[in-house]
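Following: one structure in structure tokens, then a few remarks.
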Number of protein chains: 2
Amino acid sequence: MIVVLTGGTGGAKFVDGLRQLVPQEQLTIVVNTGDDLRWWGLSISPDIDSILYVLSGLLSKERGWGVQTDTFFCLQAMARYGEPSWFKIGDRDLAVHLLRSQLIADGKTLSDATDEIARRMGIGARILPMSNDRVETRIQTLSGELGFEEYFVKRRYQDEVFSVRFAGAEQAEPAPGVVEAILSADAVILAPSNPVTSIGPILSVLKIRQALRETSAEVIAVSPIIGAVAVSGPAANLMAATGLPVSIAGVAQAYQDFLDVLVVDAVDTEKGKELEHSRLRVHCTNIMMRTAQEKLNLAREVLSQMACEATAQSGAQVS
Amino acid sequence: MIVVLTGGTGGAKFVDGLRQLVPQEQLTIVVNTGDDLRWWGLSISPDIDSILYVLSGLLSKERGWGVQTDTFFCLQAMARYGEPSWFKIGDRDLAVHLLRSQLIADGKTLSDATDEIARRMGIGARILPMSNDRVETRIQTLSGELGFEEYFVKRRYQDEVFSVRFAGAEQAEPAPGVVEAILSADAVILAPSNPVTSIGPILSVLKIRQALRETSAEVIAVSPIIGAVAVSGPAANLMAATGLPVSIAGVAQAYQDFLDVLVVDAVDTEKGKELEHSRLRVHCTNIMMRTAQEKLNLAREVLSQMACEATAQSGAQVS
């Protein structure tokens, strides 16, 4: 069983490659819920949705979010009626939000609702929200504290950020199955998602971070940074704002207490060598995912690191 | 001020004619809510929606319900995910349901929510639900008791009906403004809606029926029956099932305790003469509304009856 910790955008791309190589039944995806929001009275989980869509083959590859070929007629009507419309919900996309909202209104947890929706979409992988408790990513900017989607979508991450906090994290329990999945996994992969606001909220749930330290599974992270630049989105600014170097060193630092392998771009080969030590191996490859082939290649490279380690370990046991 | 009591289909057509002749600010529309339902977790008021759409010019004239040129992509996705899909919600239509559901979840009454939605749609007329209390039209058939939309839409009114009841009517209060509007109106018009399941639920709220008996305004009904046939829908079957003759006589009987003028089709001229008595005048004209011109003509005919009566009354006062 492979466990993937992920956010929405880069993580979903990575999962798109992975699902071509690993039967869905062998995948458990632990998803960030720090971006979750109430919108038009509905319960929206943007990162869970991206994972649902990528695993069911519905994700828009052009946009990187929402459903392919979706239309926005409901959104246009809402805007005409004076409702906020900066968070772009497509007509086909709405179905998942309606379904989740109804399941939650009927008393189901986010875990159970996610499970039910995944089943109805014909998804074989297990998708687990990081927590059923509300953990809210709050971006502290010069214009005040913003919810993540407000910072990211509405204000297009133009605000200067000085801090990030995860409201509710201290009290949050991991969702059922998350800790068990990490402890019993063959490998745990941290997708090339933003370490601050995509993986960060997951790690802010103390028992999840603890499980990553304790698991005997190899923990492999794919860097979302190449050189000093984020592959996409506001990762660089957010890393800088939270005191992390904007480089693969910053990624290694964010995960230092549990990371076994860091997969970085070939560009970072030299810097990778400097980072290696007795408990951290660095693997260099092409980590850009511009095409289906590149996604597949990256997934294969990451899986090969898992195989290496398993071989190395079994070798160690024999010797 | 003109008060119109109405359901969705025939009533909406009639209102479409009326709004061409009367400034919206002089219209108060009291709408049936017996068909209201929870659907996909949303608060749906089908007849209020038809009136919102006709008054804002959005009603689909082809279908007679929902928004013109609407698409059904969310509905198709819901069906794919195993949700019931017989109640046809369009993508643009969804906006009104989302808005209403949110307003009601925020603690607003159906009256206040309707008012707010109408304002946002730029509607000048006053739209009042008959009641903010739940009154549910229940159709008793050989296959068991059905909600109205289930009987009407899902099962296409094919079941044999033996009775109709309005669950909750005894305890229901009229929505704020309904009784006052009827008592202070210049005329009250009962639209050519089904007397059993469109106007019937409104009349089942005792204080509304009482206000119709007490008002000094002329009460004018437009027959939804021509000869022995309903202009559309299941009115004939439902009238028969509830013991009303399927004819203009049945319509007169349904409203006998408060009706002043019954507007019927020219086809029914002879029968109309038989129905007239000291407290009931029958006016014959073309009541079919196949074209915009026919809608306009019918509205004009109905308004002329109001004018006649006002003249007659003022004449009486002078003499």
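The table below gives the values:
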read-out	value
Selection from region B:63-82 of residues that are in a loop (DSSP other than H, G, I, E, B), under 12 Å from residue B:93 (Cβ atoms) and not charged (D, E, K, R)	B:65, B:66, B:68, B:69, B:71, B:72
Hits in region B:220-229 - residues which are surrounded by 20 or more Cβ atoms within 10 Å (Cβ to Cβ) and either part of a strand (DSSP E or B) or hydrophobic (A, V, I, L, M, F, W, C) (or both)	B:220, B:221, B:222, B:225
Residue count for region B:20-54, restricted to those that are closer than 18 Å to residue B:120 by Cβ and of a type in the set (D, E, K, R)	2
Residue B:98 vs. criteria buried (at least 19 other Cβ atoms within 10 Å of the Cβ), hydrophobic (A, V, I, L, M, F, W, C) and under 15 Å from residue A:75 (Cα atoms)	yes
Residue ID - surrounded by the most Cβ atoms within 10 Å (Cβ to Cβ), chosen from residues in region B:264-303 that are part of a loop (DSSP other than H, G, I, E, B) and in contact with a helix residue (DSSP H, G or I) (Cβ under 8 Å, 6 or more places away or on another chain)	B:287
Hey, residue A:42 under 26 Å from residue A:204 (Cα atoms), free of Cβ contacts under 8 Å to residues at least 60 places away in the same chain and crowded, with 19+ Cβ neighbours inside 10 Å or not	yes
Unique residue being of a type in the set (Gly, Ala, Ser) and farther than 21 Å from residue A:212 by Cα when the list is A:230, A:249	A:230
Matching entry among B:96, B:54 (being under 28 Å from residue B:189 (Cα atoms), in contact (Cβ under 8 Å) with a residue 40 or more places away in the chain, within 10 Å of another protein chain (Cβ to nearest Cβ) and of a type outside the set (Asp, Glu))	B:96
Restricting region B:62-82 to residues that are more than 7 Å from chain A (Cβ to nearest Cβ) and farther than 19 Å from residue A:73 by Cα, the residue that is nearest to the chain's Cα centre (by Cα)	B:64
Members of region A:99-131 that are within 13 Å of another protein chain (Cβ to nearest Cβ), β-branched (Val, Ile, Thr) and more than 25 Å from residue B:95 (Cα to Cα)	A:123
Selected residue (only one of A:93, A:186, A:159 is crowded, with 20+ Cβ neighbours inside 10 Å and acidic (Asp, Glu))	A:93
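Results for (1) among the β-branched types (Val, Ile, Thr); (2) in a helix (DSSP H, G or I); (3) within 15 Å of the chain's Cα centre (by Cα), shown as yes or no for each residue.
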{"residue": "A:15", "(1), (2), (3)": "yes, yes, yes"}
{"residue": "A:25", "(1), (2), (3)": "no, yes, no"}
{"residue": "A:35", "(1), (2), (3)": "no, no, yes"}
{"residue": "A:49", "(1), (2), (3)": "no, yes, yes"}
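Read-outs throughout are calculated quantities, based only on the coordinates presented, and are distinct from any laboratory measurement. Worth saying up front: this structure is predicted, and the values here are computed from it rather than measured. Here Cβ is always computed from backbone atoms with ideal geometry, including for glycine, and neighbour counts include all displayed protein chains.
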